[in-house]
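A quick write-up on the structure given underneath.
The values are calculated or read from the model by the stated rules, or taken from the named source; none is laboratory data. What you are looking at is a predicted structure, and each value in this text was computed from that prediction instead of being measured. Virtual Cβ from ideal backbone geometry, glycine too; neighbours counted across all protein chains shown. Please note that ligands, DNA and RNA were not included when accessible areas were found on the heavy atoms of the full protein model with its side chains. Shrake-Rupley method; radii C 1.70, N 1.55, O 1.52, S 1.80 Å.
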Amino acid sequence: MTVSPAEVLIDVESALNFYRVMAYVVGVMLLVLCVGMVVKYGFDNGTMVAVVGPIHGFLYMVYLVAAINLGLIKARWSLGYMLLVLVSGTIPFLSFVLERSVTERTRRTIAATS
């Protein structure tokens with residue numbers, strides 16, 4: 001069974017879309033977690049961190065799977081770029097910046113192979 005180039009491009013595009021959604025979700029949850037940390041240490045109320053922390057942790061794991069699927073399996077990024085993308089879910093605002101870079105890079109690759 002052979003796979004047509006059009007099917008490969010659709011596969012990369014769908015992996016990119018899932019990665020983009022997860023990058024935004026993880027980025028927003030990380031910002032909410034940062035607010036929770038301010039509330040915890042500034043106002044001595046750790047409830048928000050206790051709720052948001054595990055949710056962010058789970059979603060970050062899903063983000064890692066999405067990034068690995070796109071970067072290592074579909075788009076074949078370099079190891080350095082892959083590591084930067086993986087870490088971006090742990091630094092506030094970086095997932096938003098890298099999402100834009102990943103989208104442009106992947107779309108350029110798709111356009112070049114079309």
For P(r) over Cα pairs in 10 Å bins from 0, in percent, with candidates [x] 15, 40, 25, 14, 5, 1, 0; [y] 13, 47, 34, 6, 0; [z] 14, 37, 30, 14, 4, 1, the value calculated from the shown model is option [x]
Cα coordinate range in the stretch 30-81, projected on the principal axes (Å, largest first):
46, 18, 11
Listed residues L16, L31, L72 arranged by accessible area, highest first, probe 1.4 Å:
L72, L31, L16
Result for the chain: accessible area per residue, probe 1.4 angstrom, in square angstrom, of 59
J(HN,Hα) series, the stretch 51-63, from Karplus relation 6.51 cos²θ - 1.76 cosθ + 1.60, nearest Hz, glycine and proline x
8, 6, x, x, 5, 4, x, 5, 5, 5, 5, 5, 4
Taking only C-alpha pairs under 8 Å that are 6+ residues apart, what is the relative contact order of the chain in percent?
34
Roughly how many debye, to the nearest 20, is the charge dipole of the chain about its Cα centre, given +1 on each Lys and Arg Cβ, -1 on each Asp and Glu Cβ, and no other charges?
200
Place a point 7 Å from Cα of V62 in the direction of its Cβ. Which residues in the stretch 15-48 have their backbone N less than 19 Å from it?
15-34
Can you give the accessible area of E13 in Å² (nearest 10), computed on protein heavy atoms with a 1.4 Å probe?
50
